[in-house]
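A.B. asks: Before anything else, here's the structure in question.
The values are calculated or read from the model by the stated rules, or taken from the named source; none is laboratory data. It should be emphasised that the depicted structure is a prediction, and the values quoted were computed from it without experimental measurement. Counting neighbours? That spans all protein chains shown, and the Cβs are built from the backbone with ideal geometry, glycine included. Just so you know, the surface numbers come from the protein's heavy atoms only, side chains and all, with ligands and any DNA or RNA stripped out. Shrake-Rupley method; radii C 1.70, N 1.55, O 1.52, S 1.80 Å.
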Amino acid sequence: MDTLFHGVLGATLCSRTGLAGGRRGPGSDFKRRWLFSDWTLWAAFFFGIFPDLASLGIHFMMDAFAGNGVRWHGIPDFVFFLYNVTHSLLGIAVCYGLLVAWKRALWLPALAWPVHVLSDVPTHGDGRFITPILWPFSDWGFSGWSWWVHPQVFFGGWILVAVLWLLVIVLRLTRRKT
Ligand SMILES: [Zn+2]
């Protein structure tokens, strides 16, 4: 899916303000602390966009600085290498392990990274951007329904996010009543 969607989905599922916070939410004082002091919300957004940021993002930034604008062609090989690393089970396992070893509390927001790749698998069809989930062991990829070809996939994703936030709101409201 598109990069913004990944950030929002990651924040929705893998932050304390989002679903992972359950009924309790980000902290005891829900109203005052909401959004601004829940660092997991922003960290989950960041890890949600990271796999694209650390691969294609580099290409787009280099192109922009070179004055070429945003181009989908002329993507250098090392960007595809980074795309393979950030979008494969092995790459995720190694990076996730290092992140959590470095800072334990990252275990929750860093889950937005595998969530990104799992949601890429069905929403990228055959072609250059098929999700290289088994890299470097196999070139195999699941040939899904590309979100840039099928608008129902794109809008379905955003509707799903909206439903998940409704669920979060219901959880928090039912907590206050009890
Ligand atoms: Zn991606």
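A.B. asks: Regarding Tyr83, is this residue of a type in the set (Ser, Thr, Tyr), open to solvent by 20 Å² or more (accessible area, probe 1.4 Å), within 16 Å of the ligand (Cβ to nearest atom) and under 19 Å from Trp135 (Cβ atoms)?
C.D. replies: Answer is no for this residue.
A.B. asks: Does Thr40 fit the bill of being surrounded by 15 or more Cβ atoms within 10 Å (Cβ to Cβ) and without any contact (Cβ under 8 Å) to a residue 40 or more places away in the chain?
C.D. replies: No; evaluated as a whole, the condition is false for this residue.
A.B. asks: Hey, another quick one. Could you run through region 97-129 and say how many residues are of a type in the set (Phe, Trp, Tyr) and either under 21 Å from Ala20 (Cα atoms) or in contact (Cβ under 8 Å) with a residue 60 or more places away in the chain (or both)?
C.D. replies: Of the residues in that region, 2 qualify.
A.B. asks: While we're looking at this one, here's another question. If I ask for residues that are assigned to a helix (DSSP H, G or I) and either out of contact with any Ser or Thr (no Cβ under 6 Å at 6 or more places or on another chain) or within 8 Å of Leu56 (Cα to Cα) (or both), which ones from region 68-82 would you list? Break it down into steps so the answer makes sense when it comes.
C.D. replies: Taking region 68-82 as the starting set, the residues that turn out to be assigned to a helix (DSSP H, G or I) are 77-82.
Hits for region 68-82 are Asp77, Phe78, Val79, Phe80, Phe81.
A.B. asks: Could you list, ordered by first residue, the pairs with Cβ atoms under 6 Å in which the first is in region 74-96 and within 16 Å of Ala110 (Cβ to Cβ) and the second is more than 13 Å from the ligand (Cβ to nearest atom) and in a helix (DSSP H, G or I), at least 6 apart or interchain?
C.D. replies: Note: pairs meeting the criteria are Tyr96/Ala110.
A.B. asks: Suppose the filter is more than 16 Å from the chain's Cα centre (by Cα), open to solvent by 30 Å² or more (accessible area, probe 1.4 Å) and without any contact (Cβ under 8 Å) to a residue 12 or more places away in the chain; does Trp140 pass it?
C.D. replies: Spelling it out, Trp140 is indeed more than 16 Å from the chain's Cα centre (by Cα), open to solvent by 30 Å² or more (accessible area, probe 1.4 Å) and without any contact (Cβ under 8 Å) to a residue 12 or more places away in the chain.
A.B. asks: Please work out which residue is surrounded by the most Cβ atoms within 10 Å (Cβ to Cβ), limiting yourself to region 88-122 and to residues that are in a loop (DSSP other than H, G, I, E, B) and either within 14 Å of the chain's Cα centre (by Cα) or within 14 Å of the ligand (Cβ to nearest atom) (or both). Break it down stepwise before answering.
C.D. replies: Filtering region 88-122 down to residues in a loop (DSSP other than H, G, I, E, B) leaves 88, 103, 108.
Those still in the list that are either within 14 Å of the chain's Cα centre (by Cα) or within 14 Å of the ligand (Cβ to nearest atom) (or both) too: 88, 108.
Numbers: Ser88: 22, Leu108: 19.
Of everything passing the filter in region 88-122, Ser88 is surrounded by the most Cβ atoms within 10 Å (Cβ to Cβ).
A.B. asks: Restricting to region 147-157, name every residue that is within 16 Å of the ligand (Cβ to nearest atom) and either assigned to a helix (DSSP H, G or I) or surrounded by 17 or more Cβ atoms within 10 Å (Cβ to Cβ) (or both).
C.D. replies: Trp147, Val153, Phe154, Gly157
A.B. asks: Is there a residue in region 123-134 that is hydroxyl-bearing (Ser, Thr, Tyr), on the phi < 0 side of the Ramachandran plot, touching a His at 6+ places or on another chain (Cβ under 7 Å) and within 13 Å of the ligand (Cβ to nearest atom)? Even if it seems obvious, please write down each step before you answer.
C.D. replies: First, pick out the residues of region 123-134 that are hydroxyl-bearing (Ser, Thr, Tyr): 123, 131.
Applying the additional criterion that residues be on the phi < 0 side of the Ramachandran plot yields 123, 131.
Filter again for touching a His at 6+ places or on another chain (Cβ under 7 Å), leaving 131.
In the following step, the residues that additionally are within 13 Å of the ligand (Cβ to nearest atom) were identified as 131.
Yes, region 123-134 contains at least one residue that is hydroxyl-bearing (Ser, Thr, Tyr), on the phi < 0 side of the Ramachandran plot, touching a His at 6+ places or on another chain (Cβ under 7 Å) and within 13 Å of the ligand (Cβ to nearest atom).
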